[in-house]
1. Just to confirm, what accessible area per residue do you get for segment 374-468 at 1.4 Å probe, in whole Å²?
2. If packing is taken as the mean number of other Cβ atoms within 10 Å per residue, what is the order of 131-138, 443-450, highest first?
3. For the peptides 471-484, 26-39, what is the packing order when you average, over each peptide's residues, the other Cβ atoms within 10 Å and list the highest mean first?
4. Just how large is the dipole of segment 334-490 about the Cα centre, in debye to the nearest 20, putting +1 at every Lys and Arg Cβ and -1 at every Asp and Glu Cβ?
5. Using 1/(1 + (r/R0)^6) with R0 = 35 angstrom and r between the beta carbons of H600 and K358, what's the FRET efficiency to the nearest 0.05?
6. For the pair I562/R109, report the inter-label distance in nm, with labels modelled 7 Å from Cα in the Cβ direction.
7. Residues with beta-carbon under 10 Å from that of R631, excluding R631: net charge, scoring Lys, Arg +1 and Asp, Glu -1?
8. Stretch H584-A382 to full length: gain in nm at 0.36 nm per residue minus the Cα-Cα span?
Amino acid sequence: MTTEPPKTGAEWQAEQSFPPSEAFRAQANAPDHDIYARAAANPEAFWEGFARELEWFTPWTQALEWNPPHAKWFLGGSLNVSVNCLDRHLAVHGDRRAIVWEGEPGDTRVYTYRQLHAEVCRFANVLRRMGIGRGDCVSIYMPMVPEAAIAMLACTRIGAIHSVVFGGFSTEALQERTNDCRARLMITADGYWRRGSVVPLKQVADAALPQCPSVEKLVVLQRLGEKHPVEMLAGRDCWWHDLMAAETDVCAPEHMDSEDPLYILYTSGSTGKPKGILHTTGGYLTGVYATTRLVFDLKPSDLYWCTADIGWVTGHSYVVYGPLANGASVFMYEGSPDWSKEGKPCRDRFWDMIERYKITILYTAPTLIRACMKWGEEHPAAHNLTSLRLLGSVGEPINPEAWLWYHRHIGGERCPIVDTWWQTETGAIMITPLPGLVSTRPGSATRPFPGIVADVVDENGKSLPPDHKGILVIRKPWPSMLRTLWGDDHRYQQVYWSKFQGLYFPGDGALRDQEGNFWLLGRVDDIMLVAGHNISTMEMESTLIEHPAVAEAAVIGKSHEIKGQTPVAFVIVKEQSAPLPSDHDAIHKLGAELKEFVSHRLGAICRPEEVILTADLPKTRSGKIMRRLLRDIAEGRVMGDTTTLADPAVVAGIREKYGNEED
Ligand code: WT7
């Protein structure tokens with residue numbers, strides 16, 4: 001939950017409201033307000049309407065089978081995702097741009113639908129020749145290059161299940177995810193460009209693979225080229241371009257059952273190892289197709305840019321599958337927002353590209369917007385951004401200040417903003433305004449997408465009246481919902497369906513105001529959202545404890561102006577390793593070492609902003625660490641309720657320490 005004082009209903013109401021413009025409404029894909037009533041009256045028929053717009057080899061015989069908490073959608077139907085994202089468009093607009101890409105150093109590439117189709121078929125043939133087929137898992141560890149999308153789509157063409165691992169993740173994270181799904185093949189690149197430096201992706205894959213016994217081969221894309229040579233292991237490693245050269249661009253698509261697995265994507269769990277979210281074929285594609293169409297209002301004339309990396313669900317649903325299923329033109333960028341194509345630090349790379357490519361729709365994260373706010377409005381102001389007509393936000397609650405800044409300085413007060421709430425688990429957008437239809441309020445994701453039945457309940461699962469803070473739940477199954485956790489259905493039932501009987505529990509706090517707008521209030525469990533990335537405090541704690549000097553650790557998410565939250569670690573050092581309290585150098589050195597340790601093990605986004613060495617941690621009598629108190633300390637608040645604390649002196653001790661350590 002967020003830690004600001006609760007707002008009253010009147011305060012929410014006092015916030016500004018932005019009604020949709022007539023001009024936008026007149027051309028919007030979302031037809032009229034009736035869509036909400038129609039979907040509510042018969043959600044299954046509503047979803048079937050979208051499914052029918054896709055291409056099926058065999059039509060389904062039943063829309064939904066619901067054995068709580070297990071759903072099947074479009075039973076008996078068969079289809080292929082790559083056919084729907086590519087082949088389906090060729091007859092009418094094969095020459096439309098599918099992917100427009102720019103690398104960080106400014107190199108560019110464009111693929112029409114026809115070209116993308118050919119590349120995907122060719123790579124699908126590569127996979128088949130390597131013996132990969134239906135139901136095999138493929139681990140994709142790639143940068144933001146068109147080949148990442150090609151690899152994903154090629155898997156779908158032959159019925160292989162992909163598991164994309166974010167290119168910023170460490171060796172250990174890659175190993176754990178690759179082993180959990182027993183991937184037979186890994187696809188990577190020699191490296192990629194980030195802030196003017198090379199990120200040596202293949203080195204990480206090389207380090208991971210000796211501990212990944214299921215992986216037989218490694219396909220390596222040459223992104224950097226001859227100037228940055230990599231070692232190729234004979235018998236295991238093959239170059240992407242060599243394999244491609246040997247294949248044709250004709251590839252018969254596999255007929256997949258609607259409920260066949262499409263992909264696995266790992267997301268942090270509040271306890272223990274990452275959760276392998278499983279999405280299946282027909283329902284997922286229907287969900288992302290419908291939401292992309294209505295929420296982003298895509299038209300043939302648009303150039304649409306979702307800034308998410310392919311390693312996150314946003315990259316799956318709204319860089320690749322949703323937009324391509326809609327036949328849209330998608331922009332992709334390899335690098336960092338603060339690096340120019342001339343190879344220098346800058347503050348306007350995004351605005352520069354929007355101007356140069358005439359991008360019309362921008363979908364990004366609050367953390368990026370807050371960083372840009374900090375850099376100053378003169379940077380967007382120096383560019384012509386009038387091509388933009390719609391803006392989106394995703395990943396965490398967007399604070400009204402950032403919303404208004406986005407509206408004024410990027411949207412020119414002309415573009416509707418869609419603040420979209422959803423999760424890796426939901427597969428597609430769940431709560432969002434429909435542009436042209438719904439009035440927006442800065443900080444609110446507004447209303448459930450048609451066909452989605454969301455509610456706010458109390459601890460007992462009882463529906464709350466308007467203006468009460470509670471827990472968000474979803475009351476009915478939807479096509480793109482996760483089907484299970486890979487290899488752990490028990491945990492699936494535990495995590496999402498055991499808190500309230502028959503209700504999906506996403507783990508977010510929420511309030512619904514008198515107008516029916518939803519305000520998302522952050523996580524109710526111990527997951528942090530650092531710059532829009534879901535990070536488990538438990539995973540960080542277990543990592544810290546692996547360091548030889550650490551006895552115990554508690555990690556909390558501290559509010560952060562730009563990133564939303566940032567990790568702060570409270571660490572009890574083993575006696576023999578503990579520096580003397582007066583030895584500031586040694587304390588500083590150990591702190592720095594622990595930050596590095598976590599960053600190395602889990603990836604740079606998990607790097608603790610602060611490490612506080614302490615003699616003890618505040619615990620309840622039953623031995624649970626009271627993270628709420630640690631958050632109070634880290635955020636400099638007066639102490640909350642300490643009645644259940646075993647030893648109140650502990651808190652005073654930490655507070656004193658924390659005061660001393662503050663940079
Ligand atoms: C969690 C899911 C959805 C793709 C990116 C993150 C938070 C996401 C919003 C939003 C408030 C949001 C929630 C959710 N979240 N979008 N518009 N407003 N909170 O996917 O890593 O699965 O994280 O992100 O807390 O549960 P994810």
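The values are calculated or read from the model by the stated rules, or taken from the named source; none is laboratory data. It should be emphasised that the depicted structure is a prediction, and the values quoted were computed from it without experimental measurement. Virtual Cβ from ideal backbone geometry, glycine too; neighbours counted across all protein chains shown. When the accessible area is computed, the model is the full protein with side chains, heavy atoms only, and any ligands, DNA or RNA have been set aside. Shrake-Rupley method; radii C 1.70, N 1.55, O 1.52, S 1.80 Å.
1. Ligands and nucleic acids excluded, the figure is 32 Å² per residue.
2. Top to bottom by mean Cβ count within 10 Å: 443-450, 131-138.
3. Ranking the peptides 471-484, 26-39 by packing returns 471-484, 26-39.
4. 420 debye
5. The formula returns an efficiency of 0.25 here.
6. Label at I562, label at R109, 3.1 nm between them.
7. Net charge around R631: +2.
8. Net length gain for the segment: 68.1 nm.
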